[in-house]
Structure formats: structure tokens, C-alpha cells
Amino acid sequence: MSNQESKSRSGRFDLPANELVENFNATILIEKRTGEIDIQNSKAHATMLGRQGIISETDAKEICRGLDLVAEEIRAGKFVYSVKDEDIHMAVEKRMTEIIGPVGGRLHTGRSRNDQTATTGKLYLRHAIREVQTAIRKLQTVFVTVASANIDVIMPGYTHMQTGQPILFSHWMMAFFWMLERDFTRFADLYTRMGRCPLGSAALAGTDFPIDREFTAVTLGFDGPTENSIDAVSDRDHMVEFNAAAAMCYMHLSRLSEELVTFSTQDFKFIELSDDFCTGSSIMPQKKNPDIAEKIRGKTGRMYGNLMAMLTIMKGIPLAYDTDLSEDKEQVFDSIDTLLQSLAIMTPMVEKMRVNATKMRANADLGYANATDLADYLAKKGMPFREAHHVVGAMVNYAIKHGKRLDDFTMDEYRQFSDCIEEDIRHEISLETCVRARRSFGGTAPEMVECQITRAREVLAREGAELGF
């Protein structure tokens, strides 16, 4: 073993680590992406040690200089990642010490890899959350743009995938805006909950050096230090919670994907996805497959699996740090990458899709979508709604048997079912009237959807400005 390797293993052991153990235990190749953040962590710690007189100011500055040089190597792709270093923390410290000499060994004063890895993990995840929130905002902006461009397009609204009532396509589109808004706020809540810095908790009990945890916490952008050193080094709630929020966000993307797949079929033809977001068939030349939407839908299982993996890793781990926790990153990193990639690809896919207003309007005219409005019409004429519901059910049954729409009845046919029905019935159950009538807050009436879009734009402007988007 080299001198640095023997130091990382300590003088406790007679034998070097078995090569199989080195490869099995190493996390460095997974943690490569956190190198520069780990360096920020170490620079804050070194600066604090100098300020507190635990090491000299000169040594602290030299350590920070060495860490900056390591960061340059990482950015330039020159940094060598070796499983012999086990993790990114040891690799960075080793290389920094190679650059500046033995003074680099003072960096680890008053801290442990336990609090170091917890801090770097939180820092990286907070950065990732802001990336995810930015990607969510971009997709939400597209939802608003597409909804605004198709504000008056009527489509059938479904329950149980059966025609229910006519709605505006813009109202359907905005439903996904508010789904993602809940996701955005979940990530925002998690970001706030991650506002306490573990650095200075050391291995589990704190340290007897006179460190300033408030300084390092604020320097690294946290609200303050964690309150309990044992909990701080063993806490991975934020990683579990990120995977939970990511899985829920992905569930919403999957639901959108399902409708894009369905609505782009030859049977519906409500939308057409752009050619550059579809693929062909190896044998059927006419095919235009919505493979990208299907791929997103399929990756939902992977995101759920990442959540279950983190929950299972954390199950039954005793306080404080255990090596089980070194398995915390791979699933989270995969969730980050999968979610960011999928949000990025969904944004232009929705933006570029063509909306077939004519086909939507035609389908909304099928399936007796105005039956509820006919029942409401009778109720407004004084008939108890339950009775009106029964009467209209009988009218639909009659219409099906005679191949008619409710709009096609003669007045004599209408009055076979109720004397309440008057000449205004055709206007009252037209699709346009049905849609305009839904003026309750959050309803599908054009003016209510316009109000909804206005509120959405205010949300995008307000929170985007606050978060620097």
C-alpha cells in the first residue's frame, strides 16, 4: 500500500484490503458527479478551521488553493478516479495533498467522512432540486402556451374513458399544469426541509475542536447546522423524499403520456405528435409510433423501484452511520437523471404536437355528452334532479335505439318524456352552451379557463422570479 492508502485504512489492520473488497466497497465511480460540490464542502471547512485558529490561516489558504486546483482537474477531465480511493472524499483529499504536500492532511481536522458525505449529498440534492424545478417550469410554460393557442377548442371529457361531458381542450391541458404545480411545491418543501447542514457532526458525537458550525452552514447556503449529530450523519430522509417526489412527478408524466398515446391513435386523431418524437415499424411501413411517450410511461416502474430501493436500504438501520448508507446515491442519481431527461423531452413534444380541433369537436358531439346538461335543464324547470336524471337516461336509451343524437329529437319526441321541455332546448344543450355554462370556479367555461391561465402565468412569474428562473 502507498502511504496515503495506509492512512485511509489506518494502523489498525495487519493486512491490506482484499482487491475484491476494494472493488465491492468503492463508491467513487458513482460519486464522480459530486466532486466539485465535495470541494465546496471542504473549502468551507478549511476556511472555518483557519478562522477558528484550529489550523493556521496560511495552511487554510493553502488547502483551499489545492482544492481549487483539484476542481480545475475535474472540470478539465484530468482527474483520475480509482477504486483504491474508495470514495470521492478520499480521492479529492489525496489529490489535494499530492499537490500541496503534508499540510493537506490538516483538512480532516474536526470532521469525519460521515458528516462530510451527508453534507455533500445534501448540497448535491439541493442543486438537483433547483434543476428539476426549472425543468418543471419550462414544461408548465408550454402547457400554458398550448392551452392559450387552443382556448376555444371543444373536446369530449371522459370518466372511465367513456364520454362524460364536453370540455375545452385548454381545460384538459391546464389539468397537467396544476399536477406539475403540486410537484414543484413538493420539491420546494423538500428543499426547505434540507436546510440544516450536517458538517461538524463528525463521526456521530460532534468534535472537541472549537469549530463554528454556523459559519460553515451559512457559507454552504444552508439555514443553519443540524441539531443532533447522531441523527445528522445517519439521516437520509431527504433522499427517500426526493425519490418519492420524483416518482409522483413521473406518475404525472406517465398519465400525460398515456393520453398522448391514446389521443394520437387513428381511432381518436385528437392530436398528432411531431415526426421527430415518433418512430416507425420494422415491418409495417405505414406506422407512426408514439414510442417516446410510451418510453416515458414505461420508465415509471423504474422510478417507483428507486423509491422502494431507498426505503428498503433505510429499513432497520441502527444509529448512527452504517455502510448500508453508501448505497444511497445510485438510485437517487438515477431518479434525478431520468426525471430531468424526461421533463426535457416532454416539453418540446407537447409544444410541437398538432391539435386536431375538428376531430375533437366531432367526437364531443358523439356519446351523448350533453345528457347532463339536459338533466340540468329539466331540474331548472322544476323537476327534482334525481327524476330528471332518470328521464334523460330513458331519452338516451331511446336515442340509441333510433340512431339519434339528443339534439335531433323532434319536439314531439322531447315531450314524450317531459312537458317541461320547450323550444329553447336545442340551444340549451348545444356543445357550446354546455361548455359556457360551466362557470363555477375551476370549471371549463372559456372565461374560467382564461382566469385559470392568468393565475398560472402569475404563478410562473412570481415563483420564477423568486427562484431565479
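What percentage of the solvent-accessible surface of the chain, computed with a 1.4 Å probe over protein heavy atoms, is contributed by carbon and sulfur atoms?
The nonpolar share, carbon plus sulfur, comes to 52 percent.
Could you give the angle, 0 to 90 degrees to the nearest 10, between helix 35-51's Cα long axis and the longest principal axis of the Cα atoms of the chain?
50 degrees
Let me know the longest stretch in the chain that avoids all GluC sites (Glu not before Pro) found in a DSSP loop with at most 13 other C-beta atoms within 10 Å. Walk me through the numbers on the way to the answer.
On the way: sites that count: E227, E422, E423.
Looking at the chain, 1-226 is the longest stretch - no exposed GluC sites (Glu not before Pro) with at most 13 other Cβ atoms within 10 Å.
Roughly what would the spin-label model give for K78 and K269, points 7 Å off Cα along C-beta, in nm?
According to this spin-label approximation, the distance is 6.2 nm.
Which trypsin sites (Lys or Arg not before Pro) in segment 392-462 sit in a loop by DSSP (not H, G, I, E or B) and have at most 16 other Cβ atoms within 10 Å of their own Cβ?
Answer in residue order: K404, R405, R439.
Heavy atoms only, 1.4 Å probe, whole protein assembly: order D324, D183, D59, D419 by accessible area, highest first.
D419, D324, D59, D183
If each residue of separation counts as 0.36 nm, what is the full-extension length gain between V218 and S56 once their alpha-carbon separation is subtracted?
Extra length available between V218 and S56 comes to 56.2 nm.
Straight distance only, please: which lysines reach the Cα of K295 with their own Cα at less than 20 Å, same-chain residues fewer than 8 apart left out?
K287, K352
Would you mind getting me the FRET efficiency between T454 and L29? Use the beta-carbon distance for r and R0 = 45 Å, nearest 0.05. Please report the intermediate quantities before stating the final value.
Working: r = 49 Å, r/R0 = 1.09.
The pair T454/L29 has a calculated efficiency of 0.35.
With a 1.4 Å probe and all protein chains left in place, how much accessible area per residue does the chain have, in Å²?
48 Å²
Provide the packing ranking of 356-363, 311-318, i.e. peptides ordered by the mean count of other C-beta atoms within 10 Å per residue, highest first.
Numbers: 356-363: 17.2, 311-318: 12.5.
The most tightly packed comes first, giving 356-363, 311-318.
Write down the Å³ per residue value for the convex hull defined by the alpha carbon atoms of segment 263-407.
254 Å³
Provide the per-residue ³J(HN,Hα) series for segment 302-317, in order, calculated from phi with Karplus coefficients 6.51, -1.76, 1.60 and θ = phi - 60°, each as a whole number of Hz, with x at glycine and proline positions.
Using θ = phi - 60°, the values come out as 5, 5, 5, x, 4, 5, 5, 4, 5, 4, 6, 4, 7, 5, x, 6 Hz.
How many nm separate the modelled label positions at T192 and A379, each set 7 Å beyond the Cα in the direction of the Cβ?
3.9 nm
If r is the Cβ-Cβ distance from A205 to V21 and R0 is 35 Å, what FRET efficiency results, to the nearest 0.05? It would help to have the intermediate numbers written out before the result.
Values: r = 27 Å, r/R0 = 0.78.
Plugging the Cβ-Cβ distance into 1/(1 + (r/R0)^6) gives 0.80.
Quick one: if the Förster radius is 51 Å, what FRET efficiency do R436 and K315 give, using the C-beta to C-beta distance and rounding to 0.05?
0.40
Compactness ratio of segment 83-142: Cα Rg over 2.2 N^0.38 Å, N = residue count? Don't jump to the answer; show the numbers that get you there.
Details: Rg = 17.2 Å, N = 60, 2.2 N^0.38 = 10.4 Å.
Output field value: 1.65.
Over segment 31-91, what portion of Cα pair distances is larger than 19 Å, expressed as a whole percent?
Working: 609 of 1830 pairs.
Result: 33 percent of Cα pairs exceed 19 Å.
Give me the three principal axis extents of segment 351-422 from the C-alpha atoms, as integers in angstrom, largest value leading.
49, 25, 19
With Kirkwood's inverse mean 1/r over C-alpha pairs for Rh, give me the Rg to Rh ratio of the chain, two decimals please.
1.15
Give me the net charge for the shell around G442: Cβ to Cβ below 14 angstrom, other residues only, Lys and Arg +1, Asp and Glu -1. Can you show the working numbers first?
Numbers: positive: R438, R439, R455; negative: E181, E447, E450.
Charge balance in the 14 Å sphere: 0.
Each label point is 7 Å from the Cα along the Cα-to-Cβ direction; what then is the distance between the points at R386 and T279, in nm?
About 5.5 nm, to one decimal.
The values are calculated or read from the model by the stated rules, or taken from the named source; none is laboratory data. What you see is a predicted model; the values in this text were computed from it and never measured. Reconstructed Cβ throughout: ideal geometry from the backbone, glycine too, with neighbour counts over all protein chains shown. We work out accessible area using only protein heavy atoms, side chains counted, and drop any ligands, DNA or RNA first. Shrake-Rupley method; radii C 1.70, N 1.55, O 1.52, S 1.80 Å.
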